[in-house]
Amino acid sequence: MRRGASVRRLDTYRIQCCVRMLSETVLAEVQGPARYLGGEVNAVVKDPAEVRIQFALCYPDVYEVGMSHLGSQILYHVINSRPEAACERVYYPRLDAVELMRQRGLKLGGLETGCALCDFDIVGITLQHELTYTTVLALLELGGVTIRSDQRRPEEPLVLGGGPCACNPEPLAAFFDAFLIGEGEEAVGEILDICGQWQQAHPERGARTSANRTELLRQLARIPGMYVPSLYDAEESAEGLLIVKPAAPEAPTTVARRVVRDFGHAPIPEAPVVPWAEVVHDRAQIEISRGCTRGCRFCQAGTFYRPTRERSAETLRQAAQQIIHNTGFDEIALAALNCPDHSQIIEIIDGLHEDLGHLRVSVGLPSLRTDNFSIDLAHKVQAVRKSGITLAPEAGSQRLRDVINKNVTEQDLLDATRVAFAAGWETIKLYFIIGLPTETDEDIVAIADLVEKVVEIGREERVRRRRHLRVNISAACLIPKPHTPFQWLRMKSPAELAAKQYLLRQRLKRKEIRLSCHDAQAALVEAAFSRGDRSLAPVIEQVYRAGGVLEAWGENFSFERWQQAFAAAGKDLAVEAGREWPVGAALPWEHIDLGVCSRFLEHQYACAQRGLTTPDCRLAGCHECGLDETMQPCPTKDSYVAVNI
Amino acid sequence: MRNDSTSEKQRIYARIEYRKAHRLRFLGHLDVATVFDRAVRRAQLPVAYTEGFHPRAKITFAQPLPVGTAGIGELCAIDLVERPPTQQLAKHLSRELPGGLDLVSVQILPRTKRSPFADLARADYLLVIAADEVDLNELRQAVDSFTAAEIITVERETKRHTRQINIRPGTHELSLKTDGTPHIQMSLSLRPDDLVKPVELVEVLAERMACHRLPIQQVIRSRLY
């Protein structure tokens, strides 16, 4: 009997026993009630009375977005495989449902049992990007949890944060009891162990004291990768930034990122929860590799997921079969920072076609680089679907691509698009970033010129029906991110970025081209929090109090509300985001150690300013990013030297 | 198309009767279609798939059910390429359908050129009334005056314009039952020329009440035939 099937049967029985978050009368009144139903195929419902720890795994956005997040599915699977723990999913409801819940005094709870957030033992919130920060507060409060950690009562749940934004947790430090830095699938077990022991020592929830809670936090701080902000004091630096220093013996000076060493055997969620309603990524996902060694200088993921690790084609093939058999999805997407970099990519795709083709399951590759998108690979993927393909040249001119270390030439890109058009694709999406350091108007014009050439190739290759030829351009704004060689840079102002966007729009007039630009005002807010310090907590709270939630959805975003909140805290949003720091300045995230040393980042920053590139370390040898010292030895250095791409 | 590989295979389909009830009645019609597509793939049934780059199992639904409405005799047809034992197909599909979307019966039938549901003419509905919020005598009068009338006109919006429609001919049965839980029982036409939607009928009845509203607790479609 397959595991997924047995879990499902248990559900159906338990669904009837559980009190659900929203009653049928409420469901009848909300838009798209399917997202509040719970009890999906593969949802794991455990009786709260039979587990020691209830863990609420929260995604601070709506169901459609949260259910598409692979990381959450991994943790859901890992936590629920422990018999003593139950993991439930929590998403923020849409605003019509929030309104109804407030009117009727209903608390936000888990989709599995409807248990309110405040009754869980642990509330874990994933932090994917900065515009979700206000929704974090909204989610806690709607679930009956005190938002400020120093005001949280002893009986309230422990509030933990994780995910890429935990790289610089400081703006959110006031709201979280602890953050996990790095990869969660191993650390979460250690957290459950510590919490379980502590709960056994203090079984009566109502009798717990704040001293008990501090004791738990101190124990958690001993787990590698755990950052407990309340055990650190903040001091103002010469640049006027709040820099934190340990204030307790348990608090390490630097918190080292957790890395799953044996990624090849790390747990794969083989029975992921199948959403009821259509979600953003409505397909199965399987992570084929983690990390990327190409070293694009703007990219935080390139640091955060180092070193590059792979799963074998055999492991992936078996897991993919299980996933499809357990879910019935009609598509499986290969997840990686860059799929074609996997040393066995062709074998993987062939294997999946062989195993799943009879079930009409298609294989998707969401992220492709331009330089190793081979004809062979094009035909493999083409066998399944021709809807669209995404390539990321990032900058228009070679000079600027060298600045950001995107080791791709114009010829690479043009060759790749020719391959794609010739193989039958009709739509190509190109990603660019504007607002890059040293960028001039010529670089923007170069984007337009490059796009023109791509359109020309599309015409030459005679896309079958000319009117179907489409080149979609996405122009994001560079947000300097902590732990990248661009961490010292200022964010360009909305006015500067708007001028660049205008120039680009003027140049891209052909009917085959669609241009979509990242909102420069939203990007400015993201930038301020991306590199912000502890003093920003009141700003987040103020925006939330003024009604700012689900701000990643454009219609809910208000730039004025952010400006006013910064002003109310005696700050200026444009100044906060627009600060350029000297190399060597103390930075708010100095105590977070991702394993890449500042010497390497400084060197990369200097190379960027001179337009010098650094080749992929798998091909050119170790660049001493620092990982070799922390990982001992670096698996990339260890195993990839002989890889021939 | 006629010479493709599927035409050499058996041209049969499974006629599925199922229930959509409890919380799953809040699934939209497209969501239900996706649930079936995935259930069929999990069950590894020998189904026919559509052509093209986005193949889906060929499943035809008799009549979409609105979000929130329960159905206890819903119908769909799954095109098959092989004839599995009916019992086995029922067992496998039933195991993969989530609780709330429950299999009632399966029949394997030969495929014909016409849609398997082309002959459907009527749908029966039960409307459970919130009895404490309504005067049942008044409701009975409204029902009686409806059935006594020969022409009942409602406005129906189509893509282009609003039309006046007489819904009386398509209302084959309408009665109020007050033994046990009070409910309205009705039988409405599904044919394009005299189609009646339950919501239209509810609006007409509500208009004929002093309070101009008819509190419905639940709508159940009980039969398609």
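The values are calculated or read from the model by the stated rules, or taken from the named source; none is laboratory data. Please read these numbers as outputs of a predicted model, since none were measured by experiment. With ideal geometry, Cβ positions are generated from the backbone for all residues, glycine too; neighbour counts draw on all protein chains shown. The protein model used for the area step is the full one, side chains on, heavy atoms only, and it has no ligands, DNA or RNA in it. Shrake-Rupley method; radii C 1.70, N 1.55, O 1.52, S 1.80 Å.
When the criteria are applied in full, A:Pro267 fails the requirement of being more than 30 Å from A:Phe600 (Cα to Cα) and buried (at least 22 other Cβ atoms within 10 Å of the Cβ). For the stretch B:103-112, the condition holds for at least one residue, the condition being that it is in the same structural domain as B:Tyr13 (by TED's automatic domain parsing), surrounded by 15 or more Cβ atoms within 10 Å (Cβ to Cβ) and closer than 24 Å to B:Gly68 by Cα.
Annotation: A:Ala333 fulfils all but one of (1) within 12 Å of chain B (Cβ to nearest Cβ); (2) modelled with pLDDT under 95; the unmet one is (1). Residue selection: B:Asp132 fails the criterion of being part of a helix (DSSP H, G or I), surrounded by 15 or more Cβ atoms within 10 Å (Cβ to Cβ) and without any contact (Cβ under 8 Å) to a residue 60 or more places away in the chain.
Taking the criterion of being open to solvent by 30 Å² or more (accessible area, probe 1.4 Å) and farther than 25 Å from A:Gly39 by Cβ, the residues of the stretch A:104-142 that qualify are A:Gln128, A:His129, A:Glu141. Answer yes or no: is there a residue in the stretch A:240-250 that is touching a residue at least 60 places away in the same chain (Cβ under 8 Å), assigned to a loop (DSSP other than H, G, I, E, B) and within 14 Å of chain B (Cβ to nearest Cβ). No, there is no match, as no residue in the stretch A:240-250 is touching a residue at least 60 places away in the same chain (Cβ under 8 Å), assigned to a loop (DSSP other than H, G, I, E, B) and within 14 Å of chain B (Cβ to nearest Cβ). If you filter the stretch A:576-622 down to residues that are surrounded by fewer than 21 Cβ atoms within 10 Å (Cβ to Cβ) and among the basic types (Lys, Arg), you find that the one that is farthest from A:Ile181 (Cα to Cα) is A:Arg610. A:Glu629 falls short of the stated requirement of being assigned to a loop (DSSP other than H, G, I, E, B) and not basic (Lys, Arg).
When you check B:Arg56 against the structure, is it farther than 27 Å from B:Val128 by Cβ, facing chain A (nearest Cβ under 9 Å) and open to solvent by 20 Å² or more (accessible area, probe 1.4 Å), yes or no?
Spelling it out, B:Arg56 is indeed farther than 27 Å from B:Val128 by Cβ, facing chain A (nearest Cβ under 9 Å) and open to solvent by 20 Å² or more (accessible area, probe 1.4 Å).
Would you be able to say whether some residue in the stretch B:68-81 is of a type outside the set (A, V, I, L, M) and open to solvent by 30 Å² or more (accessible area, probe 1.4 Å)? Checked against the condition, which is being of a type outside the set (A, V, I, L, M) and open to solvent by 30 Å² or more (accessible area, probe 1.4 Å), the stretch B:68-81 yields no hits at all.
Listed conditions (1) surrounded by 17 or more Cβ atoms within 10 Å (Cβ to Cβ); (2) in contact (Cβ under 8 Å) with a residue 40 or more places away in the chain; (3) of a type in the set (Ser, Thr, Tyr) are all met by B:Thr171, apart from (2). As a summary of the residue check, A:Lys509 satisfies the conditions (1) in contact with a Phe, Trp or Tyr (Cβ under 8 Å, 6 or more places away or on another chain); (2) free of Cβ contacts under 8 Å to residues at least 40 places away in the same chain except for the one numbered (1). Just one of the numbered conditions (1) at pLDDT below 95; (2) away from chain A (no Cβ under 11 Å) is not true of B:Leu75: (1). For the stretch A:204-239, the candidate set comprises residues that are in a loop (DSSP other than H, G, I, E, B) and within 31 Å of the chain's Cα centre (by Cα); within that set, the residue that is nearest to A:Leu160 (Cα to Cα) is A:Val228. In the stretch A:375-395, the residues that are within 14 Å of chain B (Cβ to nearest Cβ) and open to solvent by less than 40 Å² (accessible area, probe 1.4 Å) form Cβ pairs under 8 Å with partners that are in a strand (DSSP E or B) and at pLDDT below 70, at six or more places apart or across chains, as follows: A:Ile389/A:Leu368. Can you tell me which residue within the stretch B:82-98, out of those that are in a loop (DSSP other than H, G, I, E, B) and crowded, with 21+ Cβ neighbours inside 10 Å, is nearest to the other protein chains (Cβ to nearest Cβ)? Once the filter is applied, the top-ranked residue is B:Pro98.
Report whether or not A:Ser68 is under 20 Å from the mean Cα position of the chain (by Cα), small (Gly, Ala, Ser) and not in a loop (DSSP other than H, G, I, E, B). Spelling it out, it is not the case that A:Ser68 is under 20 Å from the mean Cα position of the chain (by Cα), small (Gly, Ala, Ser) and not in a loop (DSSP other than H, G, I, E, B). Among the residues of the stretch A:469-516, the one identified as open to solvent by 60 Å² or more (accessible area, probe 1.4 Å) and closer than 21 Å to A:Gly532 by Cα is A:Arg490.
Exactly one residue out of A:Ala552, A:Ala569, A:Ala546 is touching a residue at least 12 places away in the same chain (Cβ under 8 Å) and under 30 Å from A:Ile428 (Cβ atoms): that is A:Ala552.
Screening A:Gly570 with (1) at pLDDT 95 or above; (2) in a helix (DSSP H, G or I) gives one miss only, at (2).
If you go through the stretch B:179-225 and pick out every residue that is open to solvent by 70 Å² or more (accessible area, probe 1.4 Å) and either under 12 Å from the mean Cα position of the chain (by Cα) or among the small types (Gly, Ala, Ser) (or both), you end up with 4.
Across the stretch B:136-156, which residue is most open to solvent (accessible area, probe 1.4 Å) among those that are without any contact (Cβ under 8 Å) to a residue 12 or more places away in the chain and assigned to a helix (DSSP H, G or I)?
It comes out as B:Asn137.
Residues in the stretch B:34-53 that are more than 7 Å from chain A (Cβ to nearest Cβ), in a loop (DSSP other than H, G, I, E, B) and more than 14 Å from B:His92 (Cβ to Cβ): B:Ala48, B:Thr50, B:Glu51, B:Gly52. Selection of the stretch A:107-144 for residues being part of a loop (DSSP other than H, G, I, E, B), farther than 25 Å from A:Glu204 by Cα and aliphatic (A, V, I, L, M) yields A:Leu111, A:Leu127.
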